[in-house]
Amino acid sequence: MDDFSLDDAIREDVARWPHSQESLSRVVCGSAQGLRHKLVHFKGQHLRPEELVMLQLSSGGRHTVSAMARELGGAFLMLPPTEVCLDNQDLLVEANKIHAALGTLLTQMNEFIQNDGQIDEGEKAKLDAQGHAAYVQILRFLSLTYRVYGTAEVVKTAQ
């Protein structure tokens with residue numbers, strides 16, 4: 001998911017739909033063929049922002065918004081609803097995910113360097129993707145920490 005182009009991410013969200021692409025097309029575009037045409041950019045067609053939102057809401061996928069955020073230099077964080085009660089145990093789980101993401105990043109980096117002493121373009125792309133995944137995990141941990149331990153003012157701004 002972390003190294004997809006925007007078109008790849010959209011296709012990944014479409015693939016999550018459990019029914020026919022035609023039925024998703026009716027939900028997203030209002031016609032049976034609209035989605036297929038927009039996915040292949042038939043006659044220059046593209047999905048509009050509101051269609052991308054409907055696609056993700058319908059399929060449950062968040063690849064598209066994640067790819068868009070990444071292209072803009074940011075990150076999309078999927079957080080539990082505010083009514084979900086979190087505690088220190090939840091934070092420990094998230095901290096462990098940070099360690100795992102950083103471990104993967106450092107392991108990849110070590111393998112690439114040991115291979116030939118250099119990092120090529122393909123390896124850089126993989127490291128950038130894994131670095132982004134670690135970054136997203138750190139942001140998620142911070143956001144959840146603010147919800148658990150923040151003052152009322154901090155909790156309000158963290159949502």
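The values are calculated or read from the model by the stated rules, or taken from the named source; none is laboratory data. The shown structure was predicted, so the numbers you read here are calculated from the model rather than taken from an experiment. Heads up, the Cβs are rebuilt from the backbone with ideal geometry, glycines too, and the neighbour counts pull from every protein chain shown. Areas reflect the complete protein model, heavy atoms only, side chains present, ligands, DNA and RNA absent. Shrake-Rupley method; radii C 1.70, N 1.55, O 1.52, S 1.80 Å.
Go through the residues of segment 27-38 one by one and say whether even a single one is closer than 30 Å to VAL148 by Cα and outside any loop (DSSP other than H, G, I, E, B).
no
Taking PHE4 as the residue in question, decide whether it is open to solvent by 50 Å² or more (accessible area, probe 1.4 Å), under 30 Å from ARG147 (Cβ atoms) and hydrophobic (A, V, I, L, M, F, W, C).
When the stated conditions are applied, PHE4 passes them.
When you scan segment 27-67, how many residues do you find that are in contact with a His (Cβ under 7 Å, 6 or more places away or on another chain) and farther than 13 Å from VAL14 by Cα?
1
Can you spot a residue in segment 116-131 that is at pLDDT below 90, open to solvent by 50 Å² or more (accessible area, probe 1.4 Å) and either in contact with a helix residue (DSSP H, G or I) (Cβ under 7 Å, 6 or more places away or on another chain) or among the hydroxyl-bearing types (Ser, Thr, Tyr) (or both)?
Checked segment 116-131: no residue is at pLDDT below 90, open to solvent by 50 Å² or more (accessible area, probe 1.4 Å) and either in contact with a helix residue (DSSP H, G or I) (Cβ under 7 Å, 6 or more places away or on another chain) or among the hydroxyl-bearing types (Ser, Thr, Tyr) (or both).
Pull up segment 48-73, narrow it to residues that are part of a loop (DSSP other than H, G, I, E, B) and at pLDDT 90 or above, then point me to the one that is most open to solvent (accessible area, probe 1.4 Å).
Checking each candidate, the answer is LEU72.
Hey, does segment 16-39 have a residue that's open to solvent by 50 Å² or more (accessible area, probe 1.4 Å), on the phi < 0 side of the Ramachandran plot, among the hydrophobic types (A, V, I, L, M, F, W, C) and in contact (Cβ under 8 Å) with a residue 24 or more places away in the chain?
Yes, because at least one residue in segment 16-39 is open to solvent by 50 Å² or more (accessible area, probe 1.4 Å), on the phi < 0 side of the Ramachandran plot, among the hydrophobic types (A, V, I, L, M, F, W, C) and in contact (Cβ under 8 Å) with a residue 24 or more places away in the chain.
Condition test on MET78, is it closer than 20 Å to ALA125 by Cβ and modelled with pLDDT under 95?
So MET78 fails the test.
Scan segment 132-156 residue by residue and report those that are more than 22 Å from the chain's Cα centre (by Cα) and open to solvent by 60 Å² or more (accessible area, probe 1.4 Å).
TYR149, THR151, ALA152, GLU153, LYS156
Could you go through segment 84-97 and let me know if any residue there is under 30 Å from CYS29 (Cα atoms), free of Cβ contacts under 8 Å to residues at least 40 places away in the same chain and assigned to a loop (DSSP other than H, G, I, E, B).
no
Just to verify a result, which residue in segment 74-96, among those that are of a type in the set (D, E, K, R) and surrounded by fewer than 16 Cβ atoms within 10 Å (Cβ to Cβ), is farthest from TRP17 (Cα to Cα)?
ASP87
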